[in-house]
1. Give me a count of the residues in the range 82-104 that are within 15 Å of residue 40 (Cα to Cα) and either β-branched (Val, Ile, Thr) or modelled with pLDDT of 95 or more (or both).
2. Of everything in the range 43-81, what is assigned to a helix (DSSP H, G or I), of a type outside the set (Gly, Ala, Ser) and at pLDDT 95 or above? Give them in sequence order.
3. Please work out which one of (1) at pLDDT below 95; (2) surrounded by 15 or more Cβ atoms within 10 Å (Cβ to Cβ) is the condition residue 33 fails and give its number.
4. Take the residues of the range 55-69 that are surrounded by 18 or more Cβ atoms within 10 Å (Cβ to Cβ), within 22 Å of residue 163 (Cβ to Cβ) and not polar (S, T, N, Q): which is nearest to the chain's Cα centre (by Cα)?
5. Can you tell me which residue among 84, 44 is among the charged types (D, E, K, R), within 21 Å of residue 172 (Cβ to Cβ), surrounded by fewer than 22 Cβ atoms within 10 Å (Cβ to Cβ) and more than 16 Å from the chain's Cα centre (by Cα)?
6. Can you find a residue that is modelled with pLDDT under 95, farther than 19 Å from residue 69 by Cα and more than 16 Å from the chain's Cα centre (by Cα) anywhere in the range 192-201?
7. Looking at this structure, is residue 38 assigned to a helix (DSSP H, G or I), at pLDDT 95 or above and more than 16 Å from residue 102 (Cβ to Cβ)?
8. For residue 207, state whether it is at pLDDT 90 or above and over 26 Å from residue 72 (Cα atoms).
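The values are calculated or read from the model by the stated rules, or taken from the named source; none is laboratory data. Note that the structure is a prediction, hence the values are computed from the model and not measured. Here the Cβ is made from the backbone with ideal geometry for all residues, glycine too, and neighbour counts use every protein chain on show.
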Amino acid sequence: MHRVPGLLVLVLLATGACASHPDGAYFPPPRKPDTVVVSHTLHRAAVAAGDDPARYSFGLVSTDEVRAYAAEDATFYVSEGLARQPQAVLDALVARQVAHEILGHEGQRRTLSLSVTAGFVVIGIAMPGLGLLDFLVNPLVVRAFTREQERQADQTAVEILRAMGHGAPRRTLAAALRRAGDVNGAVQGGWFASEPELDERLAALEPLEPPAATARAAAGAR
């Protein structure tokens, strides 16, 4: 672990507490431009959410895709592609990950998965063989629950963005989601999808603020 004066502590948990870090994750040099901009953004988002920014840590992911991932213990992973996007896009997608953290989504998914598995263990004892259905049903249930969490995170991110100073937070988030979709490609829907399709998410953000609000907010930030 390295400490960055005036910034957040950065951690890359390649082994240990987080066993599910994305491929290509790495510990970023403290003075790397991507490190600095993500650190400042995460600090602002945590403060805007009313949380302690000292709890948060992150690593970078070597990919041009525009993505951010939430892991356990307030640890995030931000793609290099996202770190190099305009500040409004970075703000929006980092705010979504902070929203997942303050809503406790990681723990909720883990509890749900364990509960489903426990239920099928009982069924398997009473009716041998049916317990194997857990391998099919568990992912379906958890991913449906995860899609609902993504919708919740979008709505909470709007409030975080507003507290970060964005005058048109719905429009800011919608633009960031479109940008991510343009770079990453369309989300594959279906029962096993872990996030809603883009059109559904954008519809849930309606009505968007008028474009003039975005322009006023940008002018005020300069």
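1. 15
2. Listed by number, the residues that qualify are 43, 44, 47, 80.
3. That leaves (2) as the condition not met.
4. Here the answer is 68.
5. None of the others qualify; the one that does is 84.
6. yes
7. yes
8. Yes; evaluated as a whole, the condition is true for this residue.
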